[in-house]
């Protein structure tokens, strides 16, 4: 079994907070993590309920009476967003008998989009985000990066026997998510046809700067509707909006977010790429690699460090900037190449941003080497394992 980094973090938080929320996309392994915590934990009589199970759902017909009966046990509730009325009740129960690790909540929707979840448990819960498998959680084998990049990190996609089975699983996952799961997650009726078309368009736009007007025109809907759909895809952890970085400068800066499909395996399914070898000839190859690297880095950032991109109207650009407080600490360029060339716009941006850690991440496995006086190149796994922890501590 693959050891998940988030499990240790959740175990520590359960010793401090009355409630801990593990949130993340469907099928990313949240339930497995919770059951491992249950198996390993000192509280052996912890109880687990899945609100997608009709049998478990019926147990909450009188939730106050039911949860009060388990006040001396750790209660794990899966897909908790299915019953938003539980949040104010849990607040009341915690305030009556406050102790660490009372609730472990699992959800597939951002708390900000689940009515009442953020406000009701404020000061009583700590949310952490679960992701599909990360590169640093996987074995260091020769083909690991290529396989992980192509299939993504969803456990069933990663563990598929071959690319054909990966594609079939992803097809079922995507269709079920759009046709059923999104409506259940947020209690809103989405048009499956419109959502699927939007998802396909986003895949071909992956890594581009968001323009609601152009998407609205292509979908024959209003920009308000497009933004509404995008927000819910982001809230379900399927899409990432990477915000631009602003600072005091005389330069004209791009001020719209970039948009990425978060899981690279889902991206390749939406691009209709059936086999890893076909990815090498696809027009989106470079953007796919860029999004994959960005997602791996952002998933490992501490809460004190925020990610952005930087771009001026003159063409100077940095794919990823890491900012601590108000100070940019790292400028990261991503190249699908083992021997990258330095772009003039990247060097100019570094001078503007005054970052001290400047890296070009390549497709190789090499340790860092000097490209210029202020810029180093490095392989992705080496950067994640040995550089990122140092520059973000």
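The values are calculated or read from the model by the stated rules, or taken from the named source; none is laboratory data. All values derive from a computational prediction rather than experimental measurement. Note that we place each Cβ from the backbone using ideal geometry, even for glycine, and neighbour counts take in every protein chain shown.
Things to note:
- Of note, residue 350 satisfies the criterion of being surrounded by 14 or more Cβ atoms within 10 Å (Cβ to Cβ) and free of Cβ contacts under 8 Å to residues at least 40 places away in the same chain.
- Those helices (runs of 4 or more DSSP H) of region 191-276 in which 2 or more residues are under 22 Å from residue 130 (Cα atoms) and in contact (Cβ under 8 Å) with a residue 12 or more places away in the chain occupy 223-235, 264-270.
- Scanning region 353-375 for any residue that is more than 18 Å from the chain's Cα centre (by Cα), surrounded by 15 or more Cβ atoms within 10 Å (Cβ to Cβ), in the same structural domain as residue 143 (by TED's automatic domain parsing) and under 25 Å from residue 137 (Cβ atoms) turns up nothing.
- When residue 381 is tested against (1) assigned to a loop (DSSP other than H, G, I, E, B); (2) buried (at least 17 other Cβ atoms within 10 Å of the Cβ), just one condition goes unmet, and that condition is (1).
- Residue within region 52-69 that is closer than 28 Å to residue 2 by Cα, assigned to a loop (DSSP other than H, G, I, E, B) and in the same structural domain as residue 97 (by TED's automatic domain parsing) present: yes
- Screening residue 117 against (1) in contact with a helix residue (DSSP H, G or I) (Cβ under 6 Å, 6 or more places away or on another chain); (2) at pLDDT below 90; (3) closer than 30 Å to residue 292 by Cβ leaves a single unmet condition, (3).
- Verdict on residue 59 being free of Cβ contacts under 8 Å to residues at least 24 places away in the same chain and more than 23 Å from residue 9 (Cα to Cα): yes
To keep it simple, each residue is scored yes or no on (1) more than 24 Å from residue 355 (Cα to Cα); (2) touching a helix residue (DSSP H, G or I) at 6+ places or on another chain (Cβ under 9 Å); (3) surrounded by fewer than 17 Cβ atoms within 10 Å (Cβ to Cβ).
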| site | (1), (2), (3) |
| --- | --- |
| 207 | no, yes, no |
| 210 | yes, yes, no |
| 218 | yes, yes, yes |
| 233 | yes, yes, no |
| 260 | yes, yes, no |
| 268 | yes, yes, no |
| 273 | yes, yes, no |
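- Per-region count, region 98-112, residues more than 13 Å from residue 22 (Cα to Cα) and either surrounded by 24 or more Cβ atoms within 10 Å (Cβ to Cβ) or in contact with a helix residue (DSSP H, G or I) (Cβ under 8 Å, 6 or more places away or on another chain) (or both): 2
- Of all residues in region 131-165, exactly one satisfies the criterion of being assigned to a loop (DSSP other than H, G, I, E, B), farther than 15 Å from residue 295 by Cβ and in contact (Cβ under 8 Å) with a residue 24 or more places away in the chain, namely 140.
- Filter result for residue 63 (buried (at least 17 other Cβ atoms within 10 Å of the Cβ) and closer than 22 Å to residue 111 by Cα): no
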